[in-house]
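These notes are about the structure you will find just below.
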Amino acid sequence: MKQQIIEILTELRPEFDFSKDVDFIEAGMLDSFDVVMLVNTFDEKFGISIDGVDVLPENFSSVERIEALLKKNGVSI
């Protein structure tokens, strides 16, 4: 699943290397608009509905945090 997440992130923001171990939000790699776009993309791609209370910057700060969010919302590996 990690590779799928990296591919989606790279499609959204191809100028960044999302395989790096950095906080995507703090590093300026993702902003609030990107998070909204990601929620929509994940909802469509995985057939889920991410709860609004989960749409927090810290849930989109790394591949691992995004993966945990997706699993919490019903995506299985």
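Brief remarks follow.
- GluC sites (Glu not before Pro) within the stretch 6-77: DSSP coil, no more than 12 neighbouring Cβ in 10 Å: Glu15, Glu26
- Footprinting exposure proxy ranking of Ser76, Ser49, fewest other C-beta atoms within 10 angstrom first, gives Ser76, Ser49.
- Calculated [θ] (222 nm, deg cm²/dmol) that DSSP helices of n ≥ 4 give over the chain, each run adding -39,500 (n - 2.57): -14500 deg cm²/dmol
- For Lys72, the lysines whose Cα comes closer than 23 Å to its Cα, not counting residues fewer than 8 places off in the same chain, are Lys2, Lys45.
- For the stretch 6-12, Karplus couplings with θ = phi - 60° (6.51, -1.76, 1.60), whole Hz, Gly/Pro x: 4, 5, 5, 4, 5, 5, 6
- Shown here is the pair-distance distribution of the chain: with all Cα-Cα distances grouped in 10 Å bins from zero up to the longest one, the shares run 20, 61, 19 percent.
- Label point distance in nm, Asp17-Glu58, each placed 7 Å from Cα along Cα→Cβ: 2.8 nm
The numbers here are math on the coordinates, done by the rules we state, and not lab data. Every value quoted in this text rests on a predicted model; they were computed, and no experiment measured them. In this analysis, Cβ positions are derived from the backbone assuming ideal geometry, glycine residues included, and neighbour counts consider all displayed protein chains.
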